[in-house]
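The values are calculated or read from the model by the stated rules, or taken from the named source; none is laboratory data. Owing to the predicted nature of the structure, the values given are computational and were not obtained by experimental measurement. Don't worry about glycine lacking a Cβ; one is built from the backbone with ideal geometry, like all the others, and counts go over all protein chains shown. Accessible surface areas use protein heavy atoms only, side chains included; no ligands, DNA or RNA. Shrake-Rupley method; radii C 1.70, N 1.55, O 1.52, S 1.80 Å.
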There are 2 protein chains.
Amino acid sequence: MTADRLSATFAALADPTRRAILARLAGGEASVKELAEPFKMTLPAVSKHLKVLERAGLIVRARDAQWRPCRLEAAPLKDVASWLEEYRRFWEQSFDRLNQYLHELRDKEHENESDHKQ
Amino acid sequence: MTADRLSATFAALADPTRRAILARLAGGEASVKELAEPFKMTLPAVSKHLKVLERAGLIVRARDAQWRPCRLEAAPLKDVASWLEEYRRFWEQSFDRLNQYLHELRDKEHENESDHKQ
């Protein structure tokens, strides 16, 4: 996978309608007409989004069936997940720091309660 | 987090130079000058990329220090990871299917070997 392939995946995902289309396809394959319905979009507008998703390899369209259903392809998402793994330690560290702070806060409160009792 | 925030994150990540800047900052904070060096880019070109990353909340720039070092902020990446989780089962399924196919292939080869021995 080249860097540009990952860029194409990220660019395709940078749109709420395209992400909603993927979420719909996660529930099973669908035709362009079925995909257009919930968005109150014209068929050409939906087709344009589908082309972006198709070029990024995030969906495939059946060639044989007349209604050409769209299907989710998860391989590019797996590549995004692999890319993200390198950064996981950063948000887990942030969570650890927050967790530590909350514990310190609680300990301090307990100390204050003890002070009051004395 | 709104859908647009996730779109801004994906758009910011849809560029190999910006991802390389994040990779550099994963190793520690750096000044604009330090970030510009490996890319052989002009400072204004790097600044433009940094602004995109900053608006997406992927980096923060120190306000006090004169050299205003950039630091990685992982929170938006964590949101991307959460979004991705919904799709994990799809690429794991694909892997399971490939794995199953390879096992079937191996079993078939073993059968063929047994046939030859008889």
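A simple spin-label model places the labels of A:LEU43 and B:ASP79 3.6 nm from each other, with each point 7 Å out along Cα-to-Cβ.
With the label put 7 angstrom out from Cα along the Cα-to-Cβ vector, B:ARG68 ends up 4.9 nm from the copy partners, going from closest to farthest. Across the stretch B:4-110, counting alpha-carbon atoms alone, Rg and Dmax equal 20.0, 70 Å. Sort shortest first the distances from B:GLU111 to its counterpart in every other copy, using label points 7 Å along the Cα-to-beta-carbon line, and give them in nm. For B:GLU111, the inter-copy label distances come out at 7.2 nm.
Normalised by residue count, the protein assembly as shown yields a Cα convex hull volume of 260 Å³ per residue. Note on B:ARG97 and B:LYS51: the extension gain reaches 12.2 nm, defined as 0.36 nm multiplied by sequence separation minus the Cα-Cα distance. What percentage of the solvent-accessible surface of the stretch A:1-96, computed with a 1.4 Å probe over protein heavy atoms, is contributed by carbon and sulfur atoms? Taking all protein chains in place, the stretch A:1-96 shows 51 percent carbon and sulfur surface.
Using per-residue counts of other Cβ atoms within 10 Å, averaged over each peptide, order B:100-112, B:35-47, B:15-27 from highest down. Write out the running numbers ahead of the final one.
On the way: B:100-112: 10.0, B:35-47: 13.8, B:15-27: 17.4.
Ranked from most to least packed, the peptides come out as B:15-27, B:35-47, B:100-112.
When chain A is turned onto chain B, its residue with the beta carbon nearest the axis, and that distance in whole angstrom, is A:PHE10, 2.
Computed on protein heavy atoms with a 1.4 Å probe, what is the summed buried accessible area for the chain pair A and B, in Å² to the nearest 100? Kindly include the intermediate steps, with their values, before the conclusion.
On the way: alone 8820 and 8840 Å², together 15230 Å².
Its buried surface, counting both partners, is about 2400 Å².
Sorted from shortest to longest, the distances between the A:ALA26 label points of this copy and the other copies are 2.4 nm, with each point 7 Å from Cα along the line through the beta carbon.
Note on chain A: Lys pairs 8 or more places apart or on different chains, Cα atoms under 23 Å apart, count 6. In the context of the full set of protein chains, the stretch B:23-118 has a per residue accessible area of 71 Å² (1.4 Å probe).
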